[in-house]
Amino acid sequence: MIVEREREIENFVPEEYWSIHAEFLPDGHQKGDTFIAKLHRFDGEEPALNSEEDVQPLLSDMETADYVTTLAKKGTRKRNP
């Protein structure tokens, strides 16, 4: 079992992966009132973000788009320090 795991580690090939996070400032709010959102879907589909070439067209579209909040969840979470 240890030998199998060592082989998996030796054969591991890292793959490039990107994620997109955006900082938003709601209308009528000041600079400190921003929030961060992570892109999960674009035009209803989960985008393949495997290279900078995949990301750039999405960023260009997102920079000029208008945004509307369609869902907001409120809750509490416990997190260990």
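What follows is calculated from the coordinates using simple rules that are stated; it is not laboratory data. Keep in mind it's a predicted model, so treat the numbers as computed, not measured. Using ideal geometry, Cβ is built from the backbone for each residue, glycine included, and neighbour counts are taken over all protein chains shown.
Listed values, structure above:
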{"read-out": "Near pairs, Cβ below 7 angstrom, 6+ apart or cross-chain, from the stretch 1-23 (on the phi > 0 side of the Ramachandran plot and exposed (fewer than 10 other Cβ atoms within 10 Å of the Cβ)) to any residue that is of a type in the set (A, V, I, L, M, F, W, C) and assigned to a strand (DSSP E or B)", "value": "none"}
{"read-out": "Enumeration of residues in the stretch 16-45 that are over 18 Å from residue 65 (Cβ atoms), part of a loop (DSSP other than H, G, I, E, B) and not polar (S, T, N, Q)", "value": "16, 17, 18, 28, 29"}
{"read-out": "Counted residues, the stretch 27-48 - those being within 21 Å of residue 72 (Cβ to Cβ), surrounded by 11 or more Cβ atoms within 10 Å (Cβ to Cβ) and not aromatic (Phe, Trp, Tyr)", "value": "4"}
{"read-out": "Residue within the stretch 22-38 that is of a type in the set (S, T, N, Q) and within 20 Å of the chain's Cα centre (by Cα) present", "value": "yes"}
{"read-out": "Residue in the stretch 4-12 that is among the aliphatic types (A, V, I, L, M) and over 20 Å from the mean Cα position of the chain (by Cα) present", "value": "yes"}
{"read-out": "Hits in the stretch 49-81 (condition: part of a loop (DSSP other than H, G, I, E, B) and either surrounded by 10 or more Cβ atoms within 10 Å (Cβ to Cβ) or β-branched (Val, Ile, Thr) (or both))", "value": "49, 50, 51, 67, 68, 69, 70, 76"}
{"read-out": "Residue list for the stretch 8-26, filter: of a type in the set (Gly, Ala, Ser) and over 20 Å from residue 72 (Cα atoms)", "value": "19"}
